[in-house]
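This structure is in structure tokens; I'll ask about it shortly.
The values are calculated or read from the model by the stated rules, or taken from the named source; none is laboratory data. Because the structure is a prediction, the values reported are computed rather than measured. Please note: Cβ atoms are built from the backbone with ideal geometry, for glycine as well, and neighbour counts cover all protein chains shown.
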Amino acid sequence: MKKSYIVTAIIACTVFSTNVFAKDAKCKVVLDSKTEFYGACSFQPRGNDGSFSLSNKNPRKLLLPDIKELWVRIEQKNVAELASVEPNDHFQRWGITLIRSTRDRACWENSNGDISICAY
């Protein structure tokens, strides 16, 4: 009997812990100088280095067409890599370096300024 409670608890923790640290946020995603997403999103810290992912607040909807999550992966102070997770859970690196904005610290931008990922 005790084993079944433990197994149930482990399964519950696994199922419900995926977004334990996710927070509601307001996000703005600009790609090719066009605002592709602006609105309520889910902000998920990734690791202890400041990396994070953004997803649609509604888990049944994509953040962008063919993109379930956008990741900002910290490489060094104020420098990050842009990546995404597709609907099939394939992790895709974009090969784009992002720099933390000096104008708005909630934003990460590429050197051309035509890509911007912001979470408030």
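What number of residues within segment 5-55 are at pLDDT 50 or above, surrounded by fewer than 11 Cβ atoms within 10 Å (Cβ to Cβ) and either of a type in the set (Ser, Thr, Tyr) or under 21 Å from Ser111 (Cα atoms) (or both)?
Of the residues in that region, 4 qualify.
Taking the condition of being over 18 Å from Arg46 (Cα atoms), of a type in the set (D, E, K, R) and part of a strand (DSSP E or B), how many residues in segment 73-118 meet it?
Number of matching residues: 1.
Let me ask another. So which residues in segment 56-74 are surrounded by fewer than 19 Cβ atoms within 10 Å (Cβ to Cβ) and either out of contact with any Ser or Thr (no Cβ under 9 Å at 6 or more places or on another chain) or closer than 23 Å to Lys23 by Cβ (or both)?
Within segment 56-74, Lys57, Asn58, Pro59, Arg60, Lys61, Leu62, Leu64, Pro65, Arg73 qualify.
Kindly indicate the residue of segment 100-120 that is surrounded by 12 or more Cβ atoms within 10 Å (Cβ to Cβ) and more than 16 Å from the chain's Cα centre (by Cα) and also nearest to Trp71 (Cα to Cα) among those meeting that condition.
Of the residues in segment 100-120, the ones surrounded by 12 or more Cβ atoms within 10 Å (Cβ to Cβ) are 100-101, 104, 106-110, 114-119.
Going one step further and asking which of them are more than 16 Å from the chain's Cα centre (by Cα), we end up with 101, 104, 110, 114.
Details: Ser101: 16, Asp104: 18, Asn110: 14, Asp114: 17 Å.
Once the filter is applied, the top-ranked residue is Asn110.
So in segment 54-68, with the set limited to residues that are within 16 Å of Ile115 (Cβ to Cβ) and in a strand (DSSP E or B), which one is nearest to the chain's Cα centre (by Cα)?
So the residue we want is Leu54.
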